[in-house]
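Scroll down for the structure; my scribbles are underneath it.
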Amino acid sequence: MDNDNSTLNEVLQFGKLVQLINKELKIKKVYDCEYMLINHSVEDVIHVLEDLSDSYNSIKDETLGNSIKFSDCLEKYLVLVKKYYESLFIKNGDKDKVADKYLKKVSEPTKRNGYYIHYNKSNIGMIMSDVQKTLSLMKEAVQVFYKVYNNKKLIAELSTKDIDNSDYLEFQIKESELLHLLGVTAGQLRDNPDFQKLTGNKKMNSTQILEWILKDSEGNNDLLQYSEDFIKRILNSANYNVVEKQFSPEVSSQLLNYHKIKSKSETFMKYGPLEKVSLVAKLQGNATLSKNSKSNTVMITKTDIYKKYPWAYFGSVQQPNNKYIETLQIDSNENKKELFRYSKPAIVKGIETIDGAGSVDGGRLFSPEEQFDLFVDAYTSFGDTMDFTDLISYFQQLSDSYDPDISRGKSRR
């Protein structure tokens, strides 16, 4: 019993020290250790701590109750966190297969007899352990939202042809938008009779639906049990015709598209306008990001999730009295190329973060090399449809004024 108490005390002591370090990082406008591991290695995180954390450097050689140095214990902890993330993310060998399911095999549900009809082909082949991991990944994506985006207004400074003048794009990811960004459409789920039976509520808003999903995944697991029963019915019935039977409102439907949630949750975690440099393109005429979207402005960046679909698109409605983030998509340039015809892209060269009180709360500038690397990729993919004249002029001036070696970026490719 004494050994158990000793181990518990050591764990609590270690946890308090990690919290102390993370608190210091937050004060210094640096993300916490766990968040940094999403896109960086354990070694990278330790280097950041060595360079920026006075707390870490003052206690790294201290020994805990088990006679292990704090630095060694922290490294083991970071390795475990990194492995946990990797266990939730789409595995390299499966990425393009899952992308095909998301982009080619999942149709938008239609409505018949007052009910949304869900096509379930996308979930066949996802075993229950994968469904459970998907819900855990969704939870991690929500935590990223609260760590990085909640109650913050992002002001993106856009480059123009004249390097000394800038335009600005303002946007804010709101709590009410998060459910849709992570792959769930509130209306489709709220109107589903089976979801109403599970929740006992017909009038839940987006935030309430997301809260219910996360609480259920940590408690009753009603949603997980429902998904398990549904998948068993499909796999055990030789005559089960997914599409035809779903046109009957009496037939149970799959509530969530887990492949879509998994793809969007991972993309949301790995790509964000505070992490990677983006292009911004205002669509011409009355064009929108997709037929079901109202987004007339798109932030575009590379994502390392899929080889076949290497671009991530944050759709934003940008009107004088109505600005909001609407959707997050993953796609290839081929499927989006015509959409951006005649658009004049700008590059986001810096981010200012405005807190809820309206004051500047840190920010960052993207290096000329980061900007130029994205420009080269974007020009290769969209150069025959987008108008890059202003961006080419911008980089020519940038090369002359700030970084004479920026032209090396093209030779590295």
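Points to keep in mind about this one:
- Estimated from the Cβ-Cβ distance and a Förster radius of 35 angstrom, the FRET efficiency linking Ile155 and Glu75 is about 0.40.
- Contour excess over end-to-end distance, with Cα ends at Lys323 and Asp191 and 0.36 nm allotted per residue: 44.8 nm
- Centroid-to-centroid separation of segment 270-341 and segment 144-221 [C-alpha atoms, Å]: 16 Å
- Fully extending the segment from Ser67 to Leu224 would add 52.3 nm, taking 0.36 nm per residue of separation and subtracting the current Cα-Cα distance.
- Label-point separation, Lys91 to Asn39 (7 Å along Cα→Cβ), nm: 2.7 nm
- A crude spin-label estimate for the pair Glu211 and Gln284, with each label 7 Å from Cα along the Cβ direction, gives 4.6 nm.
- Loop trypsin sites (Lys or Arg not before Pro), segment 38-80, which have at most 13 other Cβ atoms in a 10 Å radius of their Cβ (DSSP): none
- Using Cβ point charges alone (K and R +1, D and E -1), the dipole size of segment 289-360 about the Cα centre works out to roughly 320 debye.
- Sites listed here are trypsin sites (Lys or Arg not before Pro) in segment 280-310 whose DSSP assignment is loop and whose Cβ has at most 12 other Cβ atoms within 10 Å: Lys291, Lys307.
- Cβ-derived FRET efficiency at R0 35 Å, Tyr342 paired with Ser399, nearest 0.05: 0.85
- The GluC sites (Glu not before Pro) found in segment 278-378 that occupy coil by DSSP, while having at most 11 further C-beta atoms within 10 Å, are Glu334.
Laboratory data are not the source of any read-out in this text; all were calculated from the coordinates shown. Model, not experiment: these values are computed from the prediction. Because the Cβ atoms are built from the backbone with ideal geometry, glycine has one as well, and the counts that use them run over all protein chains shown.
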